[in-house]
Ligand SMILES: [Mg+2]
């Protein structure tokens, strides 16, 4: 029996590369591809794959949100995140949704095949760098993060990665820090226009009218550090 796989990524060339790598393996079959989280839901419904390989950053619905919805509806589907992001925020969110694997796009082909095999058989697979970052984060939490001389319970801050991109989370934090668009642009080495775009995306996604509402809501939800 073949392992049926669906690949979800917004970059077509990348999807094709992954597909070719996977199809070296005779027991793997890529049955469908999609470029967004919303499409993933439809494709899983249609093909009922064994494994879904899922990007995180995609235009409409991100991979973390899509994974959460997928696993709610099809608990047997095994999702492997394949992302460029190795930081603990992303990993934790992804694993909380029920993903069984977390891989990085920098990994080599053999490890990708191995990961799909392990996950298809019911195991889990994290890229070593991901594991390392996760372990370090837990160590930091255990030690208690000291910032500005006072104890900050870092675990209480949950970045809204189910809603915002990582960059938008950074911008949201800087809004909470009271930075102007120009200040944010300088800190992140991006143009003011790009900052404006991020801000309007944040407002839209958080369903608020202005920056102040966004910050108030973010603080209430524990999405930003008050420093
Ligand atoms: Mg992407």
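What follows is calculated from the coordinates using simple rules that are stated; it is not laboratory data. Source: prediction; values computed, not measured. Neighbour counts are summed over all protein chains in view; Cβ atoms, including those assigned to glycine, are modelled from backbone coordinates with ideal geometry.
Before moving on, here are some points about what is shown:
- The chain: angle of helix 128-143 to the longest principal axis, Cα-based, in degrees nearest 10: 40
- Placing dummy labels 7 Å off each Cα toward the beta-carbon, the span from residue 84 to residue 226 is 3.5 nm.
- Residue among 99, 109, 120 with the largest mean-square fluctuation in a Gaussian network model of the chain, springs linking Cα atoms under 10 Å: 109
- Only DSSP H runs of four or more residues enter the estimate; each adds -39500 (n - 2.57), and after division by the residues of the chain the mean residue ellipticity at 222 nm equals -15500 deg cm²/dmol.
- Percent RCO, i.e. relative contact order, over the chain, from Cα pairs under 8 Å lying at least 6 residues apart: 13
- Ranked for footprinting exposure by Cβ neighbours inside 10 Å, fewest first, 167, 182 give 182, 167.
- If a spin label sat at a point 7 angstrom from the Cα of residue 31 along the line to its beta carbon, the backbone N atoms of the range 46-62 nearer than 14 Å would be those of 46-53.
- Legend: ranking of residues 14, 24 from fewest to most surrounding C-beta atoms inside 10 Å; resulting order 24, 14.
- FRET efficiency for residue 74 and residue 132, using Cβ-Cβ distance with R0 set to 45 Å, rounded to 0.05: 0.90
- Placing pseudo-labels 7 Å out from each Cα toward the beta carbon at residue 107 and residue 162 gives an inter-label distance of 2.5 nm.
- Label sites at residue 170 and residue 46, each approximated as a point 7 angstrom past Cα along Cα to Cβ, lie 3.6 nm apart.
- Residues 110, 36 in ascending order of nearby Cβ atoms (within 10 Å, fewest first): 110, 36.
- Bins of 10 Å, starting at 0 and running to the largest distance - Cα pair percent for the range 27-108: 19, 56, 23, 1
- For the chain, the longest principal axis of the C-alpha atoms and the axis of helix 63-73 are separated by about 60°.
- Stokes-Einstein diffusion coefficient of the chain, Kirkwood radius over Cα pairs, 4 °C, 1.567 mPa s, in µm²/s: 69
- The range 28-137, relative contact order in percent, only Cα pairs under 8 angstrom and at least six apart counted: 23
- C-alpha long axis of helix 192-206 to longest principal axis of the chain, angle in °: 70
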